[in-house]
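First up is the structure itself, then whatever we jot down about it.
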Amino acid sequence: MGRNRVAIVGAGMTKFVRRAQETAKELAWEAASKALESCELTLDDIDAVVVDTAPEAFDGVHMNSEYLSDGAGGWGKPVIRGYVGGGTGVFAAIQGWYHVASGLFDTVLVVCEEKMSSCQPHPQGAFLTIFDHTTERPLKPNLLWIFALEMNAYMSRYGLSKKDIALVAVKNKRNAADHPAALLGDPNITVEDILNTEVLAWPVQRGDVSPISDGAVALVMCAEHVARRVTDKPVWVEGVGWSLDTAYWTNRDLSYPVYVEEAARMAYKMAGITEPRKQIHIAEPYDPFDYKELHHLEGLLLFDKGKAPEATALGITQRDGDLPVCPSGGLLGVGNPIAAAGLMKVAEIFWQLRGEAGARQVPGQPKRGVAQAWGDLMQVGTVIVLGI
Amino acid sequence: MKEHVYETVYLREKDFQEGRVLFETWVPNARYAWDAGVAIGRFLQELKAGRLVGTRCANCGRVMVPPRMFCEHCFAPIDEFVPLEDTGTVITFSLCYVTWDMVRIEEPQIPAVIGIDGASPGMGIMHLLGEVDPKAVKIGMRVAAVWKPPEERTGAITDILYFKPLE
């Protein structure tokens with residue numbers, strides 16, 4: 001099957017904030033215009049636009065992507081939206097990839113926006129309809145339950161303590177202190193600080209969770225002949241993958257994200273990666289909760305099952321460790337405007353591989369990185385491998 | 001790097017409380033009447049009678065709960081309902097101290113995934129635990145359904161009040 005080579009040539013984002021004055025449309029414009037500016041292109045150079053945003057119920061706007069498409073540069077162009085819940089941000093880059101890889105378009109603008117703050121009294125309300133209307137919702141579930149149930153299953157399977165997991169939150173919030181767009185960066189936070197936060201749904205405490213956020217991120221993706229003209233530092237999409245597990249979540253093994261493994265295997269095969277632990281130099285797994293980074297590192301086959309916590313304790317996943325993980329600061333530190341947060345991870349790999357990550361730059365000139373997101377009913381894995 | 005970040009405007013909760021920014025509110029009025037479906041309809045009917053049922057796939061042999069009218073692995077129809085026990089094992093649980101809108105509650109709710117006896121291994125349903133000291137709840141704990149009195153049952157998952165530890 002013939003596929004064209006696809007590069008990322010530009011990236012931009014808004015600050016991630018608790019509550020933005022900007023509307024969704026305005027946030028999308030801020031990120032999109034920054035991405036175009038970063039590679040010195042204008043909207044006239046763009047053939048098609050991918051506009052993704054996660055639950056419409058956050059905004060209370062039906063067809064929210066279309067509503068904010070003007071801000072994303074969609075006027076008069078082929079526009080598409082994809083939506084796989086929390087997995088949307090990385091999936092947006094995958095959509096951008098196949099728009100170009102197919103040969104249909106040369107240059108595509110990919111924009112992800114999320115504004116969680118509009119939803120009152122709490123954006124969790126927008127998520128409650130994820131539960132089965134007949135067998136689950138009458139029990140009045142709360143979204144935290146499913147994460148708490150999964151975290152407990154993971155901890156119990158491998159005999160992990162809260163401290164083992166809190167180390168992820170400490171690392172990411174410290175990393176985020178160097179990110180100019182971060183909401184919760186803190187260079188001095190300690191594991192005790194995380195362990196002393198209030199219990200929400202044990203084992204989940206406040207410090208284990210990423211914050212409600214508003215924000216947007218955009219990328220410019222293009223075919224090789226355009227990329228060579230636009231930049232001397234293209235970052236290539238080497239592989240993409242995604243996979244969905246059953247919606248009968250109470251029938252799954254909650255201690256291991258098999259759908260992430262399936263997505264990773266698809267992406268690694270495309271990228272020609274046979275030994276991910278040697279061939280991947282930097283990783284941005286999805287970390288809306290601290291245990292999820294560990295869960296996903298194992299699903300990405302970067303550590304054995306149950307061993308990611310040990311690697312974290314040994315410092316392997318620190319920015320200067322053997323495998324820097326979430327050098328951006330992740331969702332726990334930079335913030336979690338759902339769809340935008342996933343695309344922020346792809347942007348971070350882009351900046352890191354180009355050596356443009358500033359104070360967050362990992363040492364050793366990484367050549368290949370992986371970004372991953374997770375969502376739907378805790379059932380989708382979306383994976384992209386980038387390289388230079 | 002900093003040049004690629006737009007200086008988004010940051011608002012504080014106080015700005016809203018004190019009306020220093022302009023905003024618009026909307027209270028949705030949308031109601032739904034869901035059909036329970038072929039398989040779950042039967043499941044609810046059995047709950048009303050004080051029984052749990054699952055379905056067995058003739059092809060792969062899995063006994064599934066919640067029951068379904070097709071097997072998502074074999075993608076084949078299922079027409080065999082099988083009776084299950086109203087006992088099971090705690091696969092995982094949480095002690096939840098907040099409501100969905102983050103108001104604190106004193107006595108924790110204890111949601112759990114409960115593997116139902118008679119179904120295939122790992123086949124659980126979500127429900128609550130009760131009549132148990134939160135500190136005593138363990139993964140692997142054996143539990144039994146506590147049913148509403150027959151005259152109060154409506155054919156709903158809440159016909160089981162909660163699961164409690166088996167002595």
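Readers should treat all values here as calculations from the given coordinates under stated rules, not as data from a laboratory. Since we're looking at a predicted model, the values are computed, not measured. Please note: Cβ atoms are built from the backbone with ideal geometry, for glycine as well, and neighbour counts cover all protein chains shown.
A few points about this structure:
- Take every Cα pair under 8 Å whose residues are at least 6 apart in sequence, average their separation, divide by the length of chain A, and the relative contact order is 26 percent.
- Counting Cβ atoms of other protein chains within 10 Å of each Cβ in A:124-137 and taking the mean gives 4.
- The mean number of partner chain beta-carbon atoms within 10 angstrom of a residue's beta-carbon across peptide B:96-106 is 6.
- Measuring max minus min along each principal axis, the C-alpha atoms of the protein assembly as shown give extents of 74, 58, 48 Å (largest first).
- GNM result for chain B, Cα springs below 10 Å: residue of B:Ala144, B:Ala112, B:Ala76 fluctuating most strongly: B:Ala76
- For B:Gly115, net neighbour charge (Lys/Arg +1, Asp/Glu -1) across residues whose Cβ lies under 15 Å away: +1
- Cβ-derived FRET efficiency at R0 45 Å, B:Glu18 paired with B:Asp133, nearest 0.05: 0.50
- Formal net charge of residues neighbouring B:Arg56 (Cβ-Cβ distance under 12 Å; K, R +1; D, E -1): 0
- Separation of region A:247-280 and region A:150-193, taken as the distance between their Cα centroids, equals 23 angstrom.
- Counting neighbouring Cβ atoms within 10 Å and putting the fewest first, the residues A:Glu284, A:Glu56 line up as A:Glu56, A:Glu284.
- Other residues within the sphere of radius under 12 Å centred on the Cβ of A:Phe289, judged by their own Cβ, net out at -3 (K and R +1, D and E -1).
- Radius, Kirkwood style, for region B:10-165 when every pair of distinct Cα atoms is counted (Å): 18.3 Å
- Packing-based ranking of B:80-93, A:214-227 yields A:214-227, B:80-93, ordered from highest to lowest mean Cβ neighbour count within 10 Å.
- Rounded to the nearest 0.05, the FRET efficiency derived from the C-beta distance between A:Glu66 and B:Val38 at R0 = 25 Å is 0.10.
- Between helix B:38-48 and chain B: long-axis angle, C-alpha atoms, 0 to 90°, nearest 10: 80 degrees
- Arranged from fewest to most other beta-carbon atoms within 10 Å of their beta carbon, B:Phe16, A:Phe289 become B:Phe16, A:Phe289.
- Remark: relative contact order (chain B) = 19 percent; criterion is Cα-Cα distance under 8 angstrom and separation of 6 or more residues.
- Helix-only mean residue ellipticity at 222 nm for the protein assembly as shown, each DSSP H run of n ≥ 4 adding -39500 (n - 2.57), per residue, nearest 500: -8000 deg cm²/dmol
- 16 Å cut-off, amide nitrogen to a point 7 angstrom out along A:Lys233 Cα→Cβ, residues in region A:14-50: A:35-41
- Each peptide in B:154-164, A:92-102 was scored by the mean count of other Cβ atoms within 10 Å over its residues; highest first, the order is A:92-102, B:154-164.
- Annotation: region A:1-96 has a Kirkwood hydrodynamic radius of 14.3 angstrom, from the mean reciprocal C-alpha pair distance.
- Taking a point 7 Å from the Cα of A:Arg277 along the Cα-to-Cβ direction, the residues of region A:286-313 with backbone N closer than 18 Å to it are A:294-313.
- Legend: mean number of C-beta atoms from other chains within 10 angstrom of residue C-beta atoms, peptide B:109-118, equals 4.
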